[in-house]
Structure formats: structure tokens, C-alpha cells
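Right, one structure below, let's go through it.
What follows draws every value from the coordinates through simple rules; no lab data is involved. As the structure is a computational prediction, the values presented were derived from the model and not from experiment. A quick note on method: Cβ atoms are made from the backbone with ideal geometry, for glycine too, and the neighbour counts reach across all protein chains shown.
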Amino acid sequence: MSVRPAAGGWGAEGCTVRFTSARGVVTALSDISLAVPRGQVTAVVGGDGAGKTTLLRVLAGRVTPGSGRVSAPDAHDMGFMPSASGVWRELTVDENLEFVGRAYGVRGARLAARRRTLLERADLLDAADRLSGRLSGGMRQKLGFCLAMIHEPELLILDEPSTGVDPVSRVELWRMIAETAATGRAVVMSTTYLDEAERVASVLVLDGGYALYAGDPRNIGSAVPGCVVRGAAAVVAGQAAWRRGPETHAWFAAEVPAGSEGVADPDMEDAVIALTLAHDARAADPRAAT
Amino acid sequence: MLAMIIKEFRELRRDRRTLAMLLALPVLLLIVFGYAANFHITSLTAAVVGPGAAQVEQQIAANPQAAGHLDIVATDPSGDVAAARSYLADAKANVAVYVGGAKPVVYIDGSSLFAAQSAQVLVASLGSKVDSEILFNPQLKTSWVMVPALVGLILTFIGMLVTSIGLVKERQNGTLEQLAVMPFRPSAVIAGKIAPYFVLAAADMLAVTLLGVWIFKVPFNGSPLLFALGGAIFLFVVLGLGVLISTISQTVGQAIQTAMFVLMPQILLSGFIFPLAAMPAGVRWIGYLLPLTYFAKISQGIMLRGAGLSSLWPAFVILTVMAVVAFGAAVLRFQRSIAPVRSRAGRSPGGKLGDGTAEQGVEVLKGATP
Amino acid sequence: MSGEHPIIRVEHAVKKFGHFTAVDDVSLRVEAGQILGLLGANGAGKTTLIKLILGLEALDGGDVFVFDERPSRASRARLGYVPQGLGLYSDLTVRQNIDFVAGAFGVAEPPEAPEAIAAAGGRLVGDVGLGVQRRLAFYCALLHAPELLVLDEPTSGVDPLARARLWDTIHQQAETGAGVLVTTHYMQEAEQCDDLLLMSHGRKVAAGTEAEITAGTKVVEVSTPSWVAAFDALSAAGLPVTLAGRVVRVAGLERAQIDEVLAAASVPATVRDVPATLEEKMVLADRPESAP
């Protein structure tokens, strides 16, 4: 269950990353493969500690894996947006653009043209001489995106670009991301929002450094081993149950127990929860059949 | 309330920098004000020059009181007045006695304020048997001695405190990671970050010197070029220290704490306030480890005594060595801090990782951003 | 549960910081056993409103009552609060954090801690993962059996399973009679709440159950293989477009209007009316009175 990078494509293959921290050796990524093809958006989904940021940093060349291969363009052809927007707060929007532009060799007429295009698309033209520390969260994230895109890189890496952002800016950000992919570039982004993961071409779901699912998000329901049920049988399922508002859903490793209602095509949230439980069960008892 | 107290103690136990301050500061102050804070210089170095040199030397040796206060470092029977003055210009002695004319003349080095004051007392006790003249700082003005050393202090502040804050802020905001991803060479990053502070410090140095000359009428007798060179070398030392401090601090507060740690001894033990000569040897050696001590020697020598490389070369050499070490170490550490993090080698072990424990070198800045 | 004595009663609260109005005429109630969700993006005013309810900020207008009185130390002793930053000491161990909170609230014998927390007892809070940190923050907030829970973005950043577990705890508390006020910027979590209050730019945009809130809004769903082209065409026309999966949705307009725009851009698609989502409600509310 992995999506290997096509020959000549970008991505990571079989990467394992282990760090020594205050409490011994920690495995941040375990044999993770991720393909980032051109012309589409690839998402990495997971909670805190799942390994999303580490994986993106591996792609960006900031972390060297202990084993595995990474295929990525060099710094000039790569754009990176860290999870804290990567914006210099003491500079204005224009000053940020100029600094990053010059760092990538974008100056003069080309810089002016890129600036105009980017700020227009991001609806930031009116704020061009505002201190970026004074922008709202959503506007700052959009600026971060512009900075990552200013040199028209082949590979764009975005770490949680829309976390906490207001709904209007989120949609605008998504539009900017989708447009970028549509122009033929490779885009990979990490997110904790499952609805964003649903709209990408390919998703990698991580949990604790392990891959729970990789592939088309529309097929994640069918990748769940066993079944997901709702109703009375779910309520008594103990640790394998979870609340969805007024309902309780549960995951069973085997078939649907008699008298309970199965969930035919679990949505992404149910699927991820079930996959996490299945993974935990396998880890606790490797002999158990999936 | 008890819960508050217990918690505060537990937290303090883990805050090593504050603990160090709590323990080290009293010790430092005790040493300084117990031993080092001494304005009274008991022993003066002297050069005896001129035809009657040998005779004077014997007289001094014969007089226990005088011998106790005067340490004769050179006897020069063939020297003339100029030679006597040059002993002082080269800071080879605190006083130079020229015995050649009708009365012996005691030349006193006015750039060593407290030594000069001691010498004045000595001369007064000799009454009309000798003439005396204070060189370089005839009115023994404190400002004339302070301003050159102040130049060094300002360079130290900018070099260490301001530079380290600027670098740590970048790391705190997460934008250092950004810089690391961009096509900058690490040397370009460090040079770009430091250059403005270098320029600012140089401008400050010029401003303070000019103000000192205009307002306090401090003389500038030596070579401006040599002065600038000394300043530049010293700047590399303190900038290097500033960068080093930034690589071991995670927050601006920590950077300030650490910078003050390094700054305080320099203010107190570099001879800036309390003269080195008055400190007991056990404490004086600390002063000899501090860069500001050597820059103060250079700036005081050039401005007040018109001293040149021939007499100041030891200070220059020591500062240069310090600059190479400090700045070199700084560049290396900084490069390491923005280099890619290497994972431990090998494939993953089986089984699931537990609860996603925090990873070293990976900043997780999500969640509560208002 | 009678509606006579709600645990929280906010009436036309106003809070300004200089010229900036953080909370603009917001009213709400939380009853015992009820979970009220405050939804809105960062900067909408949720945290400021929470601080007004807790008595950490002073009102510039309106009234706030907690347990039928103005917020005070007494009312704070009856509620459990988990702030956005969790309020834990990262340089103390898990056990030491629990000791501190128990001591502060005068809880002589804390209830048994969940396994994950007990297992991490001797580790520094700064060294454990966010999931465990959040559960610890919850546990500490519940130590003194509060009648009201105030949670500011309790599940931000955690994975779906951990989020579900946190919500299990919240539901348990509500079922034993506690009132719960939760803020979140995940619209998905709305389904976990009994009632909702949507906030944007300090103002109340909508209130009620999810069904009530989305009832009055028209949304048109556009199905087409070339969803990117459709999205572009509709955005270019300045319409409030959102996305659900690969399906393009436009809120607040008639099908005919959408058809026109798409036809003009030569994008073949089928359109139909569908129920609105909360996010669309927010997006519509944010736009200045829009008529294309």
C-alpha cells in the first residue's frame, strides 16, 4: 500500500526518519513513500505528531532520511511555505515579495509582473504596503503562498496552509493552490482538515509515522478492513466506538454483527478513524488477521 | 497558595539559565567588589632615564618606603628626555624619571588615571626635590580615560546583545527555516544578518569618538587608521560572540540573559572601571581573558598617548586570535544550526510508535494561532 | 432542564479594543447538559467572548451572567476551562501539573487518570505529544467536577481518532449534567454540538441547530468533469464559490444565474439545488450584500 514516485517524478520512496530526542529514539517516519506528480494536488493528512511536517521537510531537503530515497528539484525550482506562514512580520507585503524575489533571482520587470499577478489573485493589492504582521491570519497565509510561488517553482510544498484561516480566505487559498497545479506544477500540501483531503487527487494518511492509506481519497472507504457500523451494536463496542454527533459508530475487524446496521461507504472521517483503530489493533497483536 | 510556591520552585529548578544567574551573579559581585574594586594602586612601575639614572636607582633601593611603592623596570643612563617620554607613550612604565638636568623630572602617565593619582601623591611627598609633569592627560580628567573605553563598550553591546537578539528573533518566528530552504549559502545568510550590525557599530564608534573629541575635548593623538583597524578586529570578536549566543538561545529572553552574563564581567573586570593593576593577581587573570580589556588598551593608547603598532602589537595579536576563534566558531555553529537534520541511519523497527513524542529539530507550530 | 436558570447567559455583549470591536452585540445561553458550539475563524471574536464569560476581560456593553451572577472567583471555581494554549506547564512533569491544579482547586483526591496520562506521569509535558497534552488539559479541567466546561479550540491539530476521543469525554460530561461551551474553527465539529452560534468579525452570523441555520440558504451544486474550469469561471464572475470534494457549489443564487455564467464560459455542467453547509453560510455572511 504505497504510491511510488513515477520514474523521473518527484517524491519520497521508502523513507525512514528517526531522531534522538529527550526520551530516546523516536521514529518520525516509517518506510513512507509519497509520489508528487505534476499537474495535481497531493495531500498529506494526519494529526500532530503524525509525521506530516517531517515528510514535507524531507522533500524540501531539510531532513535527511536514515533510509530511502528522495527525488526533488534543487532550491531554485522549489517553493516552500512553512506552517507559520513564513512571512517576515516586520516587513510590508511588498518588502516581503521583493526580498524573497531577489533571493530567487527574480527582479526588475519580472518581479513587477509576478508581484502584480500574485497580489491580484490573492486579493492583496490593496494591502501591498501594510506591515505583514498587521494582516489577518488568512491574508498572511495568502502572502506566504505568494512568497513560495514568486519564482514559479516546479514543486510547491505547503505545510498546513489553511489551518485556522477564515472560510473566505480558505476558499481563496484553495483556488490559488488548485490553479497552480492546473498550470502543470507539482503541489504537495499537509492538512488536518479532512474536507480538504477529500478534494485532492491523491492523499497520504499518516498516523504516528506510519501510512494508513495512500491513494485516491474517493476510495478510502473501501480500504477499511472489516466494517464500520452504527446504531445499537456500536454503542456497546467500547474502545472501538466513537461519537458522531447524536450517533455512535464503531469498527469491527470481522463482518457486521447480527442485527446492526453497517455503514456502506464510510466518509473520510469514519474511514480514517477505522483505519487508525485497525492499525492499533495490528500493532498490539500482530497475529490477528486483518 | 502552597501549590503555587511548589510549582514555582519546580519550574525554577529546570530553568538553568536563571539558576546560573542566581548563583553566579552573587559570586561575581562578591569577587569584584571584594577583591577587584580597588582604586588605589600601591605599586607603580618606573623607568629611570638619564645620566644620573644609576644613582637614583640606588637611592630608591636604599629607601624602603620608596622601594615598596616603585618597581623599577628599566634603567637607561644614555636616554634623553624624549626617551623618557617614550617609555610612557609605549606604556612601558607608569612614571619615568629623567635625571639629567638641575632637578630630576618625574613624568607621569596621565592615561592611567589611578596610577597617575598614586604617582601624584608620591611626588607630593618628595616636595620640591623634583619637578613633575603629567603627560597625555594633564588634568587627569576621567572623561578622557573613559571615552576610549566607552567606544569599546558600545561595540560590545551592539555586537553581542543586538546581534544575538536579531538572530534569535528570526529563529523564533520560524523564518530561519525559510532562509534555509531558499537558495542562500549559509555564509550569505550569516554575512547578510551581520553586515548591518557591523555598519551600525562602526557608525556608532565614529559618532562616540567624534563626540568625545568635540564635547569632552578628548585628544586623538594617534593614527585613525590603526584605531579603525583595532575597532574592526574587536567587532569581529563581539559579533562572533553574538552569533554564538544566538545559536544557544531559543528565545529573545534567553539571548538577553546570556549576553548580560558575558557583558557584566567585561564591564567590571576589563579595567574599564576598576584598574587592572589594582586587582590581586588571582582576579586580574580574568580580566586578561576578556576582549574588551585589549581593545581598551588599544583605544586609550591611540587616542591619549598616540601609541603605534610598535607598542600595541601584543594587544592587536591577542584580539586577532580572539576574533578568529570567536568568529570562526560562530560561523561553524551557525552553519550547523541551519544545515539539514540527519536522521539516524537504518530502517524502521516493527510495531507502532506510541504517542507521537516530540521530535528533535522539528518545530510543530500549529494549533493555537489567534 | 428548565430554561429559567441557564448556566451561562450573555446579553448583547460588546467589547472594544481601541477602535477595534472584537465582540459586537452577541447574545447566547448555555443550559445544563447542553453543548453549545461557537464557530468562527481565527479573529472572529470567539476567544474574546470566552474571556468575557470567564471574567478575564471587562465588558464595554451588555451583560454576562454565569450561574446567575456576574463572573467572579466563585463562579470560576465551579467551571473547568481549557484555553487555546492548554494552560499547562511544559517544564513540569505530567504528575506535577496534576498536583498543581489539584492543589489550586483544593481537590484532595483526584479521580483516576486515564491510562495514557498515568503512563506518562514522570515525563515533562513539553516532551509528550499534543494528543496526550490535550487529554491532560481536559483531565486537569475536570478534576474538581465542574458544572460548566469552557473549551477554547480543544481539538485543534489532533488526528481524527484523538478528536473523537476528546468528544467522547465532552459528551460524557454533558450527559452527567454539565453545560459545555466549545469554540472551534472546524465546521465538521458542528455535528457534535447540540446548538451552534456562528461568529464572524465579532458579530453573530447565525444561531440554532445546524438544520435551522442552513435552512434558509440556497445552494446550487455544479457537477462537471471539468471542475477546475467551472470553479474558475464562477470565481471570475465574483460569485461565492466553495468546494466539496470535486463538486463546485455556489451559495445564495438561483440555478438559472449559475447556468448563464457557465454557458458564457462554455463549461458543460449539470446544476441542482442542495442543502447548504455551515461554511457556506459563513462565506455568504462575510460578503458585503452581494448581488452579482
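If I take every Cα pair under 8 Å that is 6 or more residues apart in the range C:8-213, average their sequence separation and divide by the length, what percent do I get for the relative contact order?
Working: 384 pairs, mean separation 67.9, N = 206.
The normalised contact order for the range C:8-213 reaches 33 percent.
So for the range A:10-215: antiparallel DSSP bridges make up what percent, rounded to the nearest 5?
Values: 20 of 38 bridges.
Given both bridge residues lie in the range A:10-215, the antiparallel proportion sits at roughly 55 percent.
Using modelled amide H (1.01 Å from N, peptide plane; none on Pro or chain starts), what sits under 5 Å from the amide H of residue C:206, excluding residues fewer than 5 places away?
Placed amide hydrogens put C:198 under 5 Å from residue C:206.
Rounded to the nearest 5, what % of the DSSP beta bridges within chain B are antiparallel ones? Spell out each step's value before the answer.
Numbers: 4 of 19 bridges.
If we restrict to bridges inside chain B, about 20 percent are antiparallel.
Between residue A:99 and residue A:222, what's the calculated FRET efficiency when r is the beta-carbon distance and R0 is 45 Å? Round to 0.05.
On the way: r = 48 Å, r/R0 = 1.06.
FRET efficiency, residue A:99 to residue A:222: 0.40.
Between 0 and 90 degrees, rounded to the nearest ten: what's the tilt of helix B:309-338 against the longest Cα principal axis of chain B?
0
Peptide A:64-75: average number of partner chain Cβ atoms within 10 Å per residue?
Details: counts 6, 4, 7, 6, 3, 0, 0, 0, 0, 0, 1, 5.
Mean shielding count: 3.
Expected output is a single nm value to one decimal: the length gained when fully extending between residue B:130 and residue B:324, i.e. 0.36 nm times separation in residues minus the C-alpha distance. What is it? Each step should come with its number before you reach the end.
Details: separation 194, 0.36 × 194 = 69.84 nm, distance 4.82 nm.
Result for the pair: 65.0 nm of gain on full extension.
Taking a ≥ b ≥ c as the square roots of the eigenvalues of the Cα gyration tensor of chain B, is the shape rounded (a/c under 1.5), prolate (a/b larger than b/c) or oblate?
Details: a/c = 3.05, a/b = 2.24, b/c = 1.36.
It comes out prolate by the Cα gyration axes.
Put a dot 7 Å past each Cα toward the Cβ at residue A:67 and residue A:116; how far apart are the dots in nm?
5.4
Given q = 0.06, 0.08 Å⁻¹, what are the Debye log10 I(q)/I(0) values for the protein assembly as shown, with equal point scatterers placed on the Cα positions and solvent ignored?
Normalising to I(0) and taking log10 leaves -0.57, -0.86.
Sorted from fewest to most neighbouring beta carbons within 10 Å, what does the list A:255, A:196, A:154, A:269 look like? Before the final figure, lay out the partial values.
Numbers: A:255 10, A:196 23, A:154 16, A:269 20.
If I rank by nearby Cβ atoms, fewest first, I get A:255, A:154, A:269, A:196.
Between their Cα atoms, which of B:7/B:169; A:52/B:193; B:92/B:141; C:16/C:218; B:7/C:46; C:16/C:204 are more than 25 Å away from each other?
Numbers: B:7/B:169 29 Å; A:52/B:193 30 Å; B:92/B:141 21 Å; C:16/C:218 34 Å; B:7/C:46 30 Å; C:16/C:204 15 Å.
As for pairs spanning more than 25 Å Cα to Cα, those are B:7/B:169; A:52/B:193; C:16/C:218; B:7/C:46.
Given points 7 Å out from each Cα along the Cα-Cβ axis, report the residue A:265 to residue B:220 separation in nanometres with one decimal.
So the label points at residue A:265 and residue B:220 sit 8.3 nm apart.
Based on the Cβ-Cβ distance of residue B:73 and residue B:200, what FRET efficiency does E = 1/(1 + (r/R0)^6) give at R0 = 51 Å, to the nearest 0.05?
Values: r = 41 Å, r/R0 = 0.81.
The formula returns an efficiency of 0.80 here.
Give a quick list of GluC sites (Glu not before Pro) in the range C:201-259 that DSSP marks as loop, anything other than H, G, I, E or B, with at most 16 other Cβ atoms within 10 Å.
Details: sites: C:210, C:212, C:221, C:254; in loops: C:254.
Here the sparse-neighbourhood loop sites are C:254.
Quick one: C:270, B:163, fewest Cβ neighbours within 10 Å first, how do they rank? Write out the running numbers ahead of the final one.
On the way: C:270 10, B:163 29.
Lowest count first: C:270, B:163.
Nearest 0.05, what FRET efficiency do residue B:187 and residue B:345 give at R0 = 30 Å with Cβ-Cβ as r?
Working: r = 28 Å, r/R0 = 0.94.
Once the sixth-power term is evaluated, E becomes 0.60.
Over the range A:154-252, what is the relative contact order in percent, taking alpha-carbon pairs closer than 8 angstrom and at least six residues apart?
18
For residue C:272 and residue C:108 in the same chain, what is the full-extension length gain: residue separation times 0.36 nm, less their Cα-Cα distance, in nm?
52.9 nm
Which percent, to the nearest 5, of DSSP beta bridges fully inside the protein assembly as shown are antiparallel? Before the final figure, lay out each step's value.
Details: 67 of 120 bridges.
Given both bridge residues lie in the protein assembly as shown, the antiparallel proportion sits at roughly 55 percent.
Along the Cα→Cβ direction, 7 angstrom out, place labels at residue C:17 and residue C:119. What is the inter-label distance in nm?
According to this spin-label approximation, the distance is 4.0 nm.
Classify the range B:44-135 as rounded, prolate or oblate from the Cα gyration tensor: take a ≥ b ≥ c as the square roots of its eigenvalues, call it rounded if a/c is under 1.5, otherwise prolate when a/b beats b/c and oblate if not.
Details: a/c = 1.32, a/b = 1.04, b/c = 1.26.
Rounded shape, in that the Cα axes give a/c under 1.5.
If each residue of separation counts as 0.36 nm, what is the full-extension length gain between residue B:1 and residue B:82 once their alpha-carbon separation is subtracted?
Extra length available between residue B:1 and residue B:82 comes to 21.7 nm.
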